[in-house]
Ligand code: C2E
Ligand code: MG
Ligand code: MG
Ligand code: MG
């Protein structure tokens, strides 16, 4: 009797696994159609320059409007896109689309685009960036590519060479989610990033832990000394903002200032900014 139950349990477990695997397979197939069918789109979240008191950039964040499942988060579909290699054309599309959008904005406003490790290792990235810039007419230093520390897991020499060749195109490079991965100060010495984005996990802890404040302070001090900007990710309240300002963080991004916006809402944000400046 016990044995029968055990078997039933196992069968249940196996079919649950099957279901997961099948769902994943179906999502992969769907993702193939997504780009062609125009189901992918970008949202844009502003980065606010605390010194200048204005928006300095928008980060392009990918979304998938699935015909049956509804809106899917990049946390759920980017890993699939990486495993299948689809991230390469998807990422190229994001870079082109972001440059096209940024071309409509004031000249001092940049666009930041996330570049995954798989995409970064693809030799076509330079050409994609060059073509997106040429096609849109966007000045190269208005495009900022966000990469993460996970890139440096292996082939550091190769990664550095690719970073330098991207930089040679005139684009900016930011180190995203700083402090979460294989954080090593040696990357900061090896490549002159334009910006360090301090991971949201440190910002969450700001109001409850003195340690978090000390970490922010040391990152901003280091960044200053190296001539890099800092952006705090995931700022959700004024308490966090006050500490970040005190500790010398140069930019903030987060729901406190603004959630990611559809492209069509951006003109309004600039209009409000102009009205404030004139008042
Ligand atoms: P990320 O690059 O670190 O982007 C920041 C994420 O934090 C975004 O999530 C953003 O919506 C979220 N966020 C911003 N402010 C707040 C806040 O105040 N509170 C909270 N709780 N969250 C906040 P999102 O859009 O879901 O993107 C998640 C991740 O997916 C991104 O993390 C990035 O790693 C990846 N991703 C998004 N778009 C792309 C893309 O086009 N290409 C690639 N390769 N990855 C992308
Ligand atoms: Mg990012
Ligand atoms: Mg980030
Ligand atoms: Mg993050």
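No lab work stands behind these numbers, since they all come straight from the coordinates. As the structure is a computational prediction, the values presented were derived from the model and not from experiment. Methodologically, a virtual Cβ is constructed for each residue, glycine included, from the backbone with ideal geometry; neighbour enumeration extends over all protein chains shown.
What do you get for the angle between helix 125-136 and the principal long axis of the chain? Use alpha-carbon atoms, 0 to 90 degrees, nearest ten.
With rounding to tens, the tilt is 60 degrees.
Give me the distance between the Cα centres of the stretch 188-258 and the stretch 125-149, rounded to whole Å.
25
Let a ≥ b ≥ c be the square roots of the eigenvalues of the Cα gyration tensor of the stretch 164-279; is it rounded (a/c under 1.5), or, if not, prolate (a/b larger than b/c) or oblate?
Oblate.
Specify whether the C-alpha gyration tensor of the chain places it in the rounded, prolate or oblate class, a ≥ b ≥ c being the square roots of the eigenvalues: rounded for a/c under 1.5, otherwise prolate if a/b is larger than b/c and oblate if not.
prolate
If packing is taken as the average number of other Cβ atoms within 10 Å across a peptide's residues, how do 109-117, 19-27 rank, most packed first?
Order by mean packing, descending: 109-117, 19-27.
Give me the distance in nm between label points sitting 7 Å out from Cα along the Cα-to-Cβ direction at residue 226 and residue 141, one decimal.
My value for the distance between the label points is 2.0 nm.
Going by average Cβ density within 10 Å per residue, which order do the peptides 157-168, 241-252, 65-76 take, highest to lowest?
Averaged packing, sorted descending, gives the order 241-252, 157-168, 65-76.
For the modelled label position 7 Å from the Cα of residue 20 along Cα-to-Cβ, which residues of the stretch 67-87 have backbone nitrogen atoms closer than 14 Å?
none
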